[in-house]
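Reviewing the structure listed below.
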Amino acid sequence: MVLYSCHIFNRQGTCIYHREWNQKAKKTEQQLEEEYKLMYGMIFSLKQFVTGIAPKESECFHSFKTNTYKLHFYESPTGFKFIIITDPNVAQLTDHLKHIYQKIFVEFAATNALHKVDGKIEGFLFAQQLQTYVEQWGWYN
Amino acid sequence: MSNIAKLQKVGDSTFGRIEKINSELLTMTYGSLVTQLLRDFEDTDAVNKQLEKMGHKIGVRLIEEYMAKSNPSAGSCKEFKDTAEAIAKVGFKMFLGFNAQVTSWNQEQTQFSLVFQENPLNDFVELPERLKTEGLFYSNLLCGVIRGALEMVQMRVECIFVKCPLRGDDVSEIKVTLIDYLKEIVLEDE
């Protein structure tokens, strides 16, 4: 099992944090921009679809998978979207994503005075904490 | 009613858990902030506005802490009514250490008042007559905090201080009016 990437989007659909693991090909800036746009668009539509066809009031989706990867999704009550891509054998990561929001994002980004509310996460502490956290998973590489 | 009791519990347990600072430190710091503003702006209305604006900036961040620490799954807000109680019982307790009462709903359920007796910000404060007549709302920051916090959870509200013990009223009262729900934004494709 391996971890591939982590994206965080703000409410405006801008990617405010992105990090990759275990990927060989380096993407150009332009490719990345394109990827963010596609990803946000897909998440947004999928979310609307999922809640739209639900027979009862329901939660949003947690993950989907193909034969090569699995995408895990969590949205904070304030509309920040946390996305992690792993290989398809990884179990549900919802609790971990919640932890990233509650214990890492809130502590090291949202309450950091240097961080702008909807801005990119540039603080080095956040990256460091996230790295420590995923390393605890043991399987991340 | 049980919902309110539940929220009260959430508020109490969260309050017990989070880090605290000396309330006098907060009171004094806030006091010097307001005096400085009064000196800088000289105009009471401008100070009210400035306090509200500062509160707004606090609110948009504070909501994250609220969401992360209070674990709101216990009482998620489906209706505006739940939101009101959550602010009064959890939000106020968490960050200020006391509960507020929710009263005076209007018929459409879009407007309510938060009423509270204590307010640590008001401690040791005595307003000069001039500021009383010019209409300074000493704790106007709180209005901004509520507005900012709710804005982040897709609610646009207007908050106005209506009563303040520093101006001779018996309680503090903040009137909150729901304007509309903000929609999630779709990405523009160029």
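Structural remarks
- Residues located in the range A:11-26, provided they are more than 14 Å from every other protein chain (Cβ to nearest Cβ), part of a loop (DSSP other than H, G, I, E, B) and closer than 27 Å to A:Gly79 by Cα: A:Trp21
- Any hit, the range B:112-120, residues being within 26 Å of B:Ile179 (Cα to Cα) and either part of a helix (DSSP H, G or I) or in contact with a His (Cβ under 9 Å, 6 or more places away or on another chain) (or both): no
- For the range A:58-77, a residue qualifies if it is over 11 Å from A:Ile43 (Cβ atoms) and either of a type in the set (Gly, Ala, Ser) or surrounded by fewer than 18 Cβ atoms within 10 Å (Cβ to Cβ) (or both), and the qualifying residues are A:Ser58, A:Glu59, A:His62, A:Ser63, A:Lys65, A:Thr66, A:Asn67, A:Thr68, A:Tyr69, A:Ser76.
- Test for A:Tyr17: is it surrounded by 16 or more Cβ atoms within 10 Å (Cβ to Cβ) and farther than 19 Å from B:Gln154 by Cβ: yes
- Given (1) buried (at least 18 other Cβ atoms within 10 Å of the Cβ); (2) within 14 Å of another protein chain (Cβ to nearest Cβ); (3) not aliphatic (A, V, I, L, M); (4) not in a helix (DSSP H, G or I), number of the condition B:Lys78 does not satisfy: (1)
- Count of the range B:97-111 residues which are assigned to a loop (DSSP other than H, G, I, E, B) and in contact with a Ser or Thr (Cβ under 9 Å, 6 or more places away or on another chain): 6
- Residues (crowded, with 20+ Cβ neighbours inside 10 Å and not in a helix (DSSP H, G or I)) located in the range B:130-156: B:Leu136, B:Phe137, B:Tyr138, B:Ser139, B:Asn140
- Among the residues listed as A:Thr78, A:Thr66, A:Thr86, A:Thr132, the single one being among the hydroxyl-bearing types (Ser, Thr, Tyr), within 12 Å of chain B (Cβ to nearest Cβ) and either out of contact with any His (no Cβ under 6 Å at 6 or more places or on another chain) or under 19 Å from A:His18 (Cα atoms) (or both): A:Thr78
- Residues in the range B:154-163 that are touching a Leu at 6+ places or on another chain (Cβ under 9 Å), modelled with pLDDT under 90 and of a type in the set (A, V, I, L, M, F, W, C): B:Met155, B:Phe161.
- Filter pass, A:Glu59 being farther than 19 Å from A:Ile121 by Cα, acidic (Asp, Glu) and assigned to a loop (DSSP other than H, G, I, E, B): yes
- Some residue of the range A:84-92 being closer than 25 Å to B:Glu64 by Cα, surrounded by 15 or more Cβ atoms within 10 Å (Cβ to Cβ) and touching a residue at least 40 places away in the same chain (Cβ under 8 Å): yes
- Of the criteria (1) within 12 Å of chain B (Cβ to nearest Cβ); (2) at pLDDT below 90; (3) loosely packed, with under 14 Cβ neighbours inside 10 Å, which one A:Gln31 fails: (1)
- For the range B:11-52, a residue qualifies if it is within 14 Å of another protein chain (Cβ to nearest Cβ), assigned to a helix (DSSP H, G or I) and out of contact with any helix residue (DSSP H, G or I) (no Cβ under 6 Å at 6 or more places or on another chain), and exactly one does: B:Arg17.
- For the range A:99-119, the set of residues classified as more than 9 Å from chain B (Cβ to nearest Cβ) and modelled with pLDDT of 85 or more consists of A:His99, A:Ile100, A:Ile104, A:Phe108, listed by residue number.
The values are calculated or read from the model by the stated rules, or taken from the named source; none is laboratory data. Computed from a predicted model, the values in this text were never measured in an experiment. Positions of Cβ are backbone-derived with ideal geometry, glycine not excepted, and every protein chain shown enters the neighbour counts.
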